[in-house]
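Take a look at the structure below.
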Amino acid sequence: MKTTLSVLALLNLLACTQLDVPQPQSSSCPPDAFAAHPKHQRYLNELQQYRQNTGSPGSLLLIQKPDEALWVGAVGKANLEYQTDMRVCAQFRVGSITKVFTAVVALKLMERGQLRLDDKLGQLLPSTVGRIPQADQITLRHLLSHTSGLVDPPNSSLRYQLGIVNDYQARFRMSTHQLLTEYIYEKPLLFSPGTQFRYSNAGYWLLGLIIEQQTGKPLQDVFSELIFQPLGLTDTYLEVRDDRKVVRGYADLYGNRRLFDVSHLDRADSDGEADGGIISTATDLARFMAGLFRGHLLSEASLSQMMTSVRLPTCPNGDCEYGLGLETWATELGTAYGHNGSSVGFEANALYFPHNNGVFILYKNNGNGSDKSLMNRLMK
């Protein structure tokens, strides 16, 4: 979800919402675990400047390069209500970075012969026939690459946005099937499948159902079996859990730097879902990105398909800057691969730089966008 929820009515509703903010569980990780790193002060200064520039309560940064030791830094607060410091081991919502995980799982099932990229939605989920236009033409590839033509309720539907603000608990209780019934079924496609690019979280709602249908297991179990356990991601999960350890999310609703806790919206919008529901840490995300691009999860052929950007004449310069669950970022250091994840109360970024096999993780618990050009300086 990348909406700003800027309508005045929404702002008033959010500002008037009284939240019972739970007391966070204590953290066992030391605050200065990376203070001995030779570039500690330089990296920390960059992170502090980023937090200040974005008006965020707290921020996290991870730099992993082959010619130096891993560095992770944390500044500011994870929870303003209890004035809890941000820690390097803090768990946070990663938002749409989840899509990279979901794409990896889909491609793993493809390698096992359980799925094909040309499989049709109507064949994989017969219940969509007659309810989603051209379900017999939308393919798994279209869903993964945002070329299905499906609408995107979290970003483009005011009814969806009003619904989550008016009754976030009702949205939190909705199953994926209920979301599809309410916001996707019987809606026209934006374009014929495969002819244009349009970001759609709904495509990943469907991918989650496809994965569960093909495996007969809940998403959490499949992700754990295929990714979390093999890579040792002990602080990463997809299922809905008690979130008292999770960093709180905030938004400056009126542009006056007064922050409101909007964690209830972030939680209701995507926790547990295949489009944006993963909760992780900076080090676990880095381990995932490194594992993916070093060939520990997928074959070389499958990874190449993920990294190959969709090319369509309707995209700027013909390049849609998105592969199969992977964004391609044009940076001063060359192309980087990864994903942004954002919602009302946070922004997360996970990127892999092929020129030096580096990994860059940047997080803040404030939902406005940000200038991320510090990566060009830090990932040289």
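The values are calculated or read from the model by the stated rules, or taken from the named source; none is laboratory data. Note that this is a predicted model, so its numbers are computed, not measured. Cβ sites come from the backbone with ideal geometry, for glycine too, and all protein chains shown count toward neighbours. In case anyone asks, the SASA skips ligands and DNA or RNA and just uses the protein heavy atoms, side chains included. Shrake-Rupley method; radii C 1.70, N 1.55, O 1.52, S 1.80 Å.
Counting only Cβ charges, +1 for Lys and Arg and -1 for Asp and Glu, the dipole size of the chain around its Cα centre is about 400 debye.
Note on the chain: with neighbouring protein chains present and a 1.4 Å probe, carbon and sulfur make up 47 percent of its accessible heavy-atom surface.
Pairwise Cα distances in the range 186-250 exceed 19 Å for 55 percent of all pairs. Loop-located GluC sites (Glu not before Pro) across the range 274-333 with a Cβ neighbour count of 15 or fewer within 10 Å are E332, with loop assigned by DSSP. Its Kirkwood hydrodynamic radius, worked out from the mean inverse distance over all distinct Cα pairs, puts the range 61-107 at 13.3 Å.
Scoring 94-103, 257-266, 177-186, 151-160 by mean Cβ neighbours within 10 Å over their residues and listing the highest first yields 94-103, 257-266, 151-160, 177-186.
Of the listed peptides 354-362, 196-204, what is their order by residue-averaged count of other C-beta atoms within 10 Å, with the highest listed first?
Numbers: 354-362: 19.6, 196-204: 23.0.
For the peptides 354-362, 196-204, the packing ranking is 196-204, 354-362.
Above 21 Å, the calculated P(r) of the range 224-307 contains 45 percent of its Cα-Cα pairs. A 31 angstrom limit on the alpha carbon distance is what I want to check against. Which of K217/K364; K39/K245; K217/K372; K245/K372; K99/K380; K99/K372 exceed it? Too far apart for the 31 Å limit: K217/K364; K217/K372. Per-residue ellipticity at 222 nm computed for the chain from its helices equals -9500 deg cm²/dmol, with DSSP H segments shorter than 4 residues left out and the rest contributing -39,500 (n - 2.57). Normalised per residue, the accessible area of the range 41-90 is 43 Å², obtained with a 1.4 Å probe and no contribution from ligands, DNA or RNA.
Pairs of Cα atoms nearer than 8 Å and 6+ residues apart set the relative contact order; for the chain it is 24 percent. In the elastic network of the chain, a GNM with C-alpha springs shorter than 10 Å, the most mobile of L219, L333, L80 is L333. Dipole check for the range 223-380: with +1 at the C-beta of Lys and Arg, -1 at the C-beta of Asp and Glu, and the Cα centre as origin, the magnitude is about 540 Debye.
In the calculated pair distance distribution of the range 338-380, what percentage of Cα-Cα distances lie above 11 Å? Of the Cα pairs, 65 percent sit more than 11 Å apart.
For semi-axes √(5λ) of the Cα gyration tensor in Å, the choices are [x] 31, 26, 19; [y] 35, 22, 21; [z] 38, 32, 20; which was calculated from the structure? Calculated semi-axes √(5λ) of the Cα gyration tensor in Å: the matching label is [x]. Here the calculated FRET efficiency for Q49 and L70, from their Cβ-Cβ distance with R0 = 22 Å, stands at 0.55, rounded to the nearest 0.05. With a length cut of 18 Å (Cα positions projected on each helix's long axis) and a Kyte-Doolittle mean of at least 1.0, go through the chain and give me the DSSP H helices that pass. Length and hydropathy pass: 98-111. Dipole orientation for the chain: of the candidates H339, S56, L265, S56 has the Cα lying most toward the positive pole (charges on Cβ; Lys, Arg +1; Asp, Glu -1).
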